[in-house]
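Inspection log for the structure reproduced underneath, given as C-alpha cells.
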Amino acid sequence: MTDHIELRGMTWSDPRGFDPVVAAAKAFAVIHPGVAITWDKRSLQGFETTPVDELAANYDLMVIDHPHVGSVADQGCLLAFETHANENALAELANQSVGRSFQSYFLHGKQWALPIDAAAQVQAHRADLSPRVESWADVVRKAEDGNVIWPLRSPHVLMSFYTLAANLGRPCATSHGDLIDSRTGLQVFEQLHAVSRHMDETFYTMDPIAALDELSRSDRYHLAPLVYLYKGYANDGYRANRISFTDIPVLGRNGPLGSALGGTGIAISSKTAHPELCTEFALWLAGAECQSGLYVEANGQPGNALAWSNEAVNASVLDAYYNTRLTHETAWLRPRHDGYMQFQEEGSEIVAGALRGRMEPETAVARLNERFRASF
C-alpha cells in the first residue's frame, strides 16, 4: 500500500475501552505500512447516550453498544459487515461469541458490529472483607448491615430491574406490547426496594465505575450485587484493593440467568472511504488471536469466548471470566427497536423515581408499560 491512509475511530474513555484499540491500531500499522488509525474517546455517559449517526458522520470506526442498533439499522449510517466480510469469518466469530454478544449486533438480517468486549451485570465483592453471596435474600441482609453499594444512575437502575425480572423467569418484553405484567413488576420493585431503602442517595448519581472505585477503596462496602463487569478492578495494582467478580445473586429458581447484557462492538461508518480496510481491522480486532493476546495485554476485556476460556487471561483477573461465565452465557438481550433508546432514558427515571419514593410501584409499572408501548 503506497498511499498514506488515515482512519479515525471513536471509543469510550475507560482504559478498558481506549487502551486496547490504541494498541491494536499500532499493531495494525506494522502489518499495513502507511495506515494510521487515530482514536478519540468519550465518557461512559456519552458512550451510552450519543446517537451513532452523529459518530458515523465523523469517524470511520466506532465502538458502540447494541441497544443503539435498532435506531441505526435503517438509517444507512453503518456498513453491514456482510458487504465486505467473508461469510466463514463471520460464522467463526459467531461461534466464538460469549453468550448472545454476537447476536446482539445482528438485526434485520445484517451484522452491524462485531463484539470486542463482553459484559453483563454480575456480582462484585471484596473477598478480603467477606465472601460472595448466593441469593438476593443475602443481598438484603448485607444492605441492612450497610455493606452494599449499588450504581443506580441511568440506565443502570433500569438494567437492575431487567435483570431481576429475567432472573425470576419472567423477562421483560422485547417486542410491542406491555414491558412487564403487573404482578412481576410489583415483585421486582419489592425486591429492589428491599435493598435500595438502605442505600445512600448518592448511589443514584453513580455509574459502575464510580461504584467500583468506592468499593475498592472503602472497607465499609463489601458488595455490589448487580454491576457491569469491569475486569480492571480485579487486576493487581489497578486500585488499592482488588475486587472479585462472580455470578449474580439468585432471586428465582433457575440459577444466575437473565442478567442484562452489555459489552461493546466495533462498527464501521457507511461513509468511510476505506470500507475493506476497516472491515479487515474489525475482523482482526474481534478475532481470537488478537483478543487472547494483544487485546487483553493492553487492558482490554475481551468479547471472544476463546479468550474467556484462556487460563492465562483469567489468571490476572482473579478468574473473573471463569467465575461469571454462566451469567454471561445466559444473559438477557435488551430491546433494540428504533425508539428504544428514548424509552431506556424514560424507564430509568421511572424506576429510580419509584425506588426513591416519588411514585407508587403500581404507578411505576403502569408508566413503564405506557412508555414502552409508545416507544414503538
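Here are a few things to note about the model shown:
- T83 accessible area, 1.4 Å probe, all protein chains in place, Å² to nearest 10: 80 Å²
- Listed residues L333, L107, L78, most fluctuating in the chain (Gaussian network, C-alpha, under 10 Å): L107
- Within the range 57-152, the GluC sites (Glu not before Pro) that combine a DSSP coil assignment with at most 14 other C-beta atoms in a 10 angstrom radius are E134.
- Close amide H pairs (under 5 Å, H built 1.01 Å from N) link M10 with D40, L61, M62, V63, residues at least 5 positions away or on another chain.
- Restricting the range 257-304 to GluC sites (Glu not before Pro) that sit in a DSSP loop and have at most 10 other Cβ atoms within 10 Å of their own Cβ leaves nothing.
- H125, H176, ranked by accessible area, largest first (probe 1.4 Å): H176, H125
- What you get for the range 246-376, charging only the Cβ of Lys and Arg (+1) and of Asp and Glu (-1), is a dipole of about 480 debye around the Cα centre.
- Highest-MSF residue in the chain out of G265, G169, G17 [GNM, Cα springs under 10 Å]: G169
- With the charge dipole of the range 40-130 set up from +1 on Lys and Arg Cβ and -1 on Asp and Glu Cβ about the Cα centre, the Cα lying farthest toward the positive end among the listed residues V122, L90, A57 is that of V122.
- Taking the helices alone, the chain has a mean residue ellipticity at 222 nm of -11500 deg cm²/dmol, built from -39,500 (n - 2.57) per DSSP H run of at least 4 residues and averaged over all its residues.
- The chain - percent of accessible surface contributed by carbon and sulfur, probe 1.4 Å: 47 percent
- Non-local lysine pairs in the chain, meaning eight or more places apart or on different chains, with alpha-carbon distances under 26 Å, amount to 7.
- Protection proxy ranking of 147-158, 222-233 - average other beta-carbon atoms within 10 Å, highest first: 222-233, 147-158
- Note on S13: accessible area is roughly 50 Å² with a 1.4 Å probe, heavy atoms of protein only.
- Expressed to the nearest 5 percent, the antiparallel share of DSSP beta bridges inside the chain is 60 percent.
- FRET efficiency for D200 and L129, using Cβ-Cβ distance with R0 set to 22 Å, rounded to 0.05: 0.75
- Most mobile of F189, F81, F28 in a GNM of the chain (Cα contacts under 10 Å): F28
The values are calculated or read from the model by the stated rules, or taken from the named source; none is laboratory data. Here the structure is a predicted model, which means the values were calculated and not measured. With ideal geometry, Cβ positions are generated from the backbone for all residues, glycine too; neighbour counts draw on all protein chains shown. All accessible areas refer to the heavy atoms of the entire protein, side chains included, with ligands and DNA or RNA removed. Shrake-Rupley method; radii C 1.70, N 1.55, O 1.52, S 1.80 Å.
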